[in-house]
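Take a look at the structure below.
Please treat every number below as a calculation from the coordinates, not as lab data. Keep in mind the model is a prediction, meaning the values are calculated, not measured. Using ideal geometry, Cβ is built from the backbone for each residue, glycine included, and neighbour counts are taken over all protein chains shown.
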Amino acid sequence: MRVEQLNAIAPEVDIFIGVGTSAQVYPAAGLLKFFEYVPEKYFIDPNPASDALKGYTVIAGTAPRCQVENICNRS
């Protein structure tokens, strides 16, 4: 997605789920700033970079589909 598209959709997002090394590896790490005001934010990673994930519910581990579905079903 382009920056313009992210700016347009981010205010409408209810839940953001980040998975993997995207909190540590750029350019994907830069995506986190677009979703900082999302009410529910989760990040799933075997080795989460906690400094970059302030305000997120951090789940240390892998992200099998069932885990992501469980997060979505909490709402």
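So how compact is the chain: Cα radius of gyration and Dmax in angstrom?
12.0, 32
Give the long-range amide H neighbours of Ile59: residues separated by 5 or more places, or on another chain, with amide H under 5 Å away, using H modelled in the peptide plane at 1.01 Å from N.
When sequence neighbours closer than 5 places are left aside, the close amide H contacts are Phe43, Ile44, Asp45.
Short version: ³J(HN,Hα) in whole Hz for each residue of segment 11-18, in order, from phi by Karplus 6.51 cos²θ - 1.76 cosθ + 1.60 (θ = phi - 60°), x for Gly and Pro, what are they?
Listing the rounded values in order: x, 9, 7, 8, 9, 10, 10, x Hz.
Quick one: if you stick a label point 7 Å off each Cα along the C-beta vector at Thr57 and Ala29, how many nm between them?
A separation of 2.6 nm, rounded to one decimal place.
Ranking request for peptides 35-48, 6-19: highest mean number of other beta-carbon atoms within 10 Å first, then the rest in descending order. Mind showing how you got there, number by number?
Values: 35-48: 16.6, 6-19: 14.0.
Most protected by this proxy first, the peptides run 35-48, 6-19.
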